[in-house]
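Below is one structure, written out as C-alpha cells; the observations come after it.
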Amino acid sequence: MTDCGSVPIIYWLEDGKAVEARWRSHNGTPPPTRVVVADGKMTADEAYGLACQGSSLLWRGDFQEARQMLSALGNRADRPQRRPRTSAATSIAGPAEAFHLYRQARSQRARTLNALLIPLNDDYTIPLRRAPDIRQACAEAYGPAETASVTSLRALLGVIGAHEWRTKGIEIPEAGGRIHPHFGVFAPIRREYVDLVSATLLPAACASSCVVFDIGTGTGVLAAVLARRGIERVVATDLDPRALACASENVRRLGLSEHINVVQADLFPQGRATLVVCNPPWIPARPSSSMETGIYDPESRMLRGFLRALPEHLEPGGEGWLILSDLAEHFGLRTRAQLLEEFEAAGLRVLGRNDVPPRHPRAADKTDPLHIARAAEITSLWRLAAR
C-alpha cells in the first residue's frame, strides 16, 4: 500500500499480475496491505481465519454470495469468546471499563467485517453477478465517479442504507414534514431531543421578534422545529460541509428558507441571540471514525466550547438550551458534579431542566452489554442563563 498524492491506492496480485485501484474509505482507514482474491468457493471459516490474521478478501464472485459471506463473518465474530478464569473481584468491571471493553470489542468486530472488499468500476457499477445499481448512492457519498476503486462491503452497505434514508426521509411532524439526512450526517431517529425542544416554553423575550441560534444544526431538524414554533429568524450553524448541504436542502424542502439561514461556523455565528440551542455529542470519548462524530465528543470539546462562549452570545434575558443525555454519567465517563462545574466555570446559572426517559429500542434490549446504562438514561434540556 502507498498513497498516490492525496489519493490512497490499494494493490494486489491477481492471475499473476499486479493490480491497483483507488481505495475508498469514508472514515480514513488506510488501504489494506494484504489482499487475497476470494469467491464463493472459499468457506466462511477460511475467510474468517484470514480476516482475523489481517488479510482482506477482494470478492470476485456473486454479489449476493458476498452478502451471505459478510453475514457469516458477523456470526463468527459474535460468538462468545472463552475468557481465562478470574476471581470475582477482578471479573466485575466498573461502568467506564465496561464501556471501553465494549467499544474495543465493537472495533475489533468492525475490523474483521471490513476485511471483505468489493470492486467498483469507474462509474460506480459493481462488476459482480446480481449486483444492485448503487451509482446514485455512491455519488451522494463519494462525489462524482472518476476511476475504478475498491471499498469494504460493510461500508458500501452503509452507503446504500444512507441513500435509502435520504430518499425516504424521516417524518418529523414538529418540523412540518420529512427530514432527509445525507450520508455522514447524524439522522434524527431518536425522538427525545425533538420532543424537548418542541415542548419547552420559549423565553419571554421571544414573544416579540427575536433571533435564535441553532448550534451544530446537522440535518437542520431543530432549526425547523423552532421556525415552526413561530421564531421568525433562526441562524443554523455547522462546520461540516455535508451537514451544511443537508440542512440547506431540508430547509428548502420544508419551505422555511425565509426564516432559517444556514451558515458555516465553528459553533457560534457573529452577534447575539435571545435563544441559543445546542444538541452536542453526548459521549466524551474519541470517535473511531468520522461517522461517529455526532455521538462522541473527545474531552467534551464541543460541550465546553459551547458553554464558555454562550454568555457573550446571549441577549439580556436570553436563554441557552443545552440538550444532553446523562448516558456518559451511567458509563462513568462524566459525573453530574463535573457538568455543573462546567456551567459554573462558564459563568452560567441553571434556570430549569426538562427531562425525558429513553424511547429508542436499544433501551429495552436486555442482550445489549450496556443495557443497564441505556435503560437508566435520561435526556435533559438544561435552560441556562448568564450570571
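The values are calculated or read from the model by the stated rules, or taken from the named source; none is laboratory data. Please read all numbers here as calculations on a predicted model, not as lab measurements. Positions of Cβ are generated from backbone atoms using ideal geometry, with glycine treated the same way; all protein chains shown enter the neighbour counts. The accessibility values were calculated without ligands, DNA or RNA, using every heavy atom of the protein model including side chains. Shrake-Rupley method; radii C 1.70, N 1.55, O 1.52, S 1.80 Å.
Numbers at a glance
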| item | result |
| --- | --- |
| Criterion (within 15 Å of the chain's Cα centre (by Cα), open to solvent by 10 Å² or more (accessible area, probe 1.4 Å), at pLDDT below 95 and aliphatic (A, V, I, L, M)) met by exactly one of ALA187, ALA207 | ALA187 |
| Helices (runs of 4 or more DSSP H) (entirely within segment 304-387) containing at least 1 residues that are open to solvent by 30 Å² or more (accessible area, probe 1.4 Å) and within 27 Å of PHE213 (Cβ to Cβ) | 327-330, 336-345 |
| Qualifying residue in segment 201-213 (condition: part of a loop (DSSP other than H, G, I, E, B), without any contact (Cβ under 8 Å) to a residue 24 or more places away in the chain and at negative phi) | yes |
| Any chance PRO298 is farther than 22 Å from VAL194 by Cβ, touching a residue at least 12 places away in the same chain (Cβ under 8 Å) and not charged (D, E, K, R) | yes |
| Subset of segment 190-200 (residues that are surrounded by fewer than 17 Cβ atoms within 10 Å (Cβ to Cβ) and either modelled with pLDDT of 95 or more or in a helix (DSSP H, G or I) (or both)) | ALA199 |
| Residues satisfying the stated conditions in segment 125-142, i.e. over 18 Å from GLN64 (Cβ atoms) and either open to solvent by less than 20 Å² (accessible area, probe 1.4 Å) or part of a strand (DSSP E or B) (or both) | CYS138, ALA141 |
| Neighbours by Cβ (under 9 Å, 6+ apart or cross-chain): first from segment 13-40, farther than 17 Å from ALA141 by Cβ and of a type in the set (Val, Ile, Thr); second outside any strand (DSSP E or B) and open to solvent by 60 Å² or more (accessible area, probe 1.4 Å) | THR33/MET1; VAL37/ASP15; VAL37/ARG60 |
| Residue match in segment 302-317 (condition: small (Gly, Ala, Ser) and either closer than 12 Å to LEU384 by Cβ or over 21 Å from the mean Cα position of the chain (by Cα) (or both)) | yes |
| All positions within segment 314-360 that are of a type in the set (D, E, K, R) and under 15 Å from LEU303 (Cα atoms) | ASP326, GLU329, ARG334, ARG336, GLU341, GLU342, GLU344 |
| Qualifying positions in segment 250-262 - over 19 Å from the mean Cα position of the chain (by Cα), in contact (Cβ under 8 Å) with a residue 60 or more places away in the chain and buried (at least 16 other Cβ atoms within 10 Å of the Cβ) | ARG253, LEU254, LEU256 |
| Segment 169-181, subset open to solvent by less than 20 Å² (accessible area, probe 1.4 Å) and assigned to a loop (DSSP other than H, G, I, E, B), residue nearest to SER25 (Cα to Cα) | PRO181 |
| Subset of segment 238-279 (residues that are in contact with a strand residue (DSSP E or B) (Cβ under 6 Å, 6 or more places away or on another chain), part of a strand (DSSP E or B) and not hydrophobic (A, V, I, L, M, F, W, C)) | ASN261, THR274 |
| Close pairs from segment 320-346: first at positive phi, partner β-branched (Val, Ile, Thr) and open to solvent by 60 Å² or more (accessible area, probe 1.4 Å), Cβ under 7 Å, at least 6 apart | none |
| Some residue of segment 145-154 being open to solvent by less than 20 Å² (accessible area, probe 1.4 Å), at pLDDT 95 or above, assigned to a helix (DSSP H, G or I) and more than 30 Å from ALA227 (Cβ to Cβ) | yes |
| Meets criteria (basic (Lys, Arg), more than 26 Å from ASN354 (Cβ to Cβ) and touching a Lys or Arg at 6+ places or on another chain (Cβ under 9 Å)) for ARG190 | no |
| Close pairs (9 angstrom Cβ cut-off, 6 or more residues apart or separate chains): at positive phi in segment 122-135, of a type in the set (Lys, Arg) anywhere | TYR124/ARG135 |
| Meets criteria (touching a Ser or Thr at 6+ places or on another chain (Cβ under 9 Å), more than 22 Å from ASP355 (Cβ to Cβ) and open to solvent by less than 60 Å² (accessible area, probe 1.4 Å)) for VAL225 | no |
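Matching residues to (1) among the basic types (Lys, Arg); (2) open to solvent by less than 50 Å² (accessible area, probe 1.4 Å); (3) at pLDDT 95 or above:
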{"residue": "GLY49", "(1), (2), (3)": "no, yes, yes"}
{"residue": "GLU97", "(1), (2), (3)": "no, no, no"}
{"residue": "ARG109", "(1), (2), (3)": "yes, no, no"}
{"residue": "ASP123", "(1), (2), (3)": "no, no, yes"}
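Here is a yes/no grid of residues against (1) in contact with a helix residue (DSSP H, G or I) (Cβ under 8 Å, 6 or more places away or on another chain); (2) farther than 23 Å from GLU146 by Cα; (3) open to solvent by less than 40 Å² (accessible area, probe 1.4 Å):
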| site | (1), (2), (3) |
| --- | --- |
| VAL7 | no, no, no |
| ILE10 | no, no, yes |
| ASP15 | no, yes, no |
| PRO30 | no, no, no |
| ARG34 | no, yes, no |
| LYS41 | no, yes, no |
| ASP45 | yes, yes, no |
| GLN53 | no, yes, no |
